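Heads up, the thing below is written out as structure tokens.
The values are calculated or read from the model by the stated rules, or taken from the named source; none is laboratory data. Because the structure is predicted, anything quoted here is derived from the model rather than measured. Cβ atoms come from the backbone with ideal geometry, glycine included; neighbour counts cover every protein chain shown.
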Amino acid sequence: MTLAKGAWFRLNNVFLLKITFMEITLILHNLLRWAVLIFGAWTVLNALTGKFGNRSYSGNDNRSNLLFMISCDIQLLLGLILYFSGIWFEKMKGGGMAEVMKNKYDRFFTVEHLSMMLIAWILVHVGRSAVKRASTDSAKHSKMLVFFGIAFVLIIASIPWPFREEIARPLFRWFN
């Protein structure tokens, strides 16, 4: 049996669970969000302390925004796999956009989540490039604050937090 159809995982000849490739991808996408949030918060905090503390741009600043960018890249890849292999793309193709837009849950995952996360991803990449090209430490921190700060806010706004009633998802998605 392939992972696409589901595979049984076993330990000492006891079958533990049956899990599909999509479930694994969704769990990884859920868990990686925490890395994105941690690295994003670290980057924005570095930008704030650098800008308002007149601190020089350091290897720590570079490391934080590099890790933020890498985690966003992996998260985007997992998200695109989920989007194009899952029900969201099928709903859009099958019922058309008019049907998708009528349902808040479908609209969020088919349109809003995808578009805001793509914009955030673009801002992270443009920001990383702008920071590398900036000539002064103050300019580097300013660009970090603007690009990564806006991207971080978009990411936080695009997450289906448990308190968002109609689109809620669990904080940690494990094997069901």
Long-range neighbours under 6 Å by Cβ, at least six apart or interchain, first residue in contact (Cβ under 8 Å) with a residue 24 or more places away in the chain within the range 132-143, second part of a loop (DSSP other than H, G, I, E, B): Asp137/Ser56; Asp137/Tyr57; Lys140/Tyr57; Lys140/Ala134
Residue list for the range 57-82, filter: among the aromatic types (Phe, Trp, Tyr) and either in contact with a His (Cβ under 9 Å, 6 or more places away or on another chain) or outside any helix (DSSP H, G or I) (or both): Tyr57
Residues within the range 114-149 that are over 15 Å from the mean Cα position of the chain (by Cα) and within 20 Å of Arg63 (Cβ to Cβ), tallied: 21
Extreme residue, surrounded by the most Cβ atoms within 10 Å (Cβ to Cβ), among residues of the range 57-91 that are among the aromatic types (Phe, Trp, Tyr) and modelled with pLDDT under 95: Trp88
Filtered residue count, the range 127-141, keeping only those that are touching a helix residue (DSSP H, G or I) at 6+ places or on another chain (Cβ under 6 Å) and either of a type in the set (A, V, I, L, M, F, W, C) or closer than 12 Å to Ser158 by Cα (or both): 3
Answer residue from the range 159-174, given it is within 19 Å of Ile27 (Cβ to Cβ) and either among the acidic types (Asp, Glu) or in contact with a Phe, Trp or Tyr (Cβ under 9 Å, 6 or more places away or on another chain) (or both) and is modelled with the highest pLDDT among those: Pro160
Residues located in the range 110-166, provided they are assigned to a helix (DSSP H, G or I) and polar (S, T, N, Q): Thr110, Ser115, Ser129, Ser138, Ser142, Ser158
The range 141-176: number of residues that are of a type in the set (Val, Ile, Thr) and within 15 Å of Leu32 (Cα to Cα): 3
